[in-house]
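The values are calculated or read from the model by the stated rules, or taken from the named source; none is laboratory data. Keep in mind that this is a model prediction, so the values were computed, not measured. Backbone-built Cβ (ideal geometry, glycine too); neighbour counts: all protein chains shown.
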Amino acid sequence: MPQPRNSAATPPTPSLSQQVKSCDVCGNIYDKSFEVKMDDRTFTFDCFECAIHELAPECAHCHCRVIGHGTESNGVFFCCAHCARGHGAGSARDRVDEH
Ligand SMILES: [Zn+2]
Ligand SMILES: [Zn+2]
């Protein structure tokens, strides 16, 4: 029985010269880590969960992480207009047309 020569299944040899950075949040070293540049700082993350943990603004009302557009009122972030209104930012609106 001939051996199938499935060279496509062979994982590529990792290049050791490529600098592998560890995640700024959890310290995990992952070859598919990515960098996020915000202002003049560059962050390295191994996953989006860590990026959100570090960079996503927190809703000032319900304290969830704002990972969508959210809404901002006087420099304070909210996850939605409902939270902004609940926090006294009466003019805040979601980015959808209200009828
Ligand atoms: Zn991480
Ligand atoms: Zn909220």
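Data overview
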quantity: Residue in region 19-31 that is away from ligand 1 (no atom under 16 Å from the Cβ), modelled with pLDDT under 95 and more than 30 Å from H82 (Cα to Cα) present; calculated: yes
quantity: In region 36-54, the residues that are more than 8 Å from ligand 1 (Cβ to nearest atom), farther than 21 Å from G68 by Cβ and in contact (Cβ under 8 Å) with a residue 12 or more places away in the chain; calculated: T44
quantity: Identity of the residue in region 38-85, within 10 Å of ligand 2 (Cβ to nearest atom) and surrounded by fewer than 17 Cβ atoms within 10 Å (Cβ to Cβ), that ends up nearest to the chain's Cα centre (by Cα); calculated: R65
quantity: Neighbours by Cβ (under 8 Å, 6+ apart or cross-chain): first from region 72-87, among the hydroxyl-bearing types (S, T, Y); second assigned to a helix (DSSP H, G or I); calculated: S73/A84
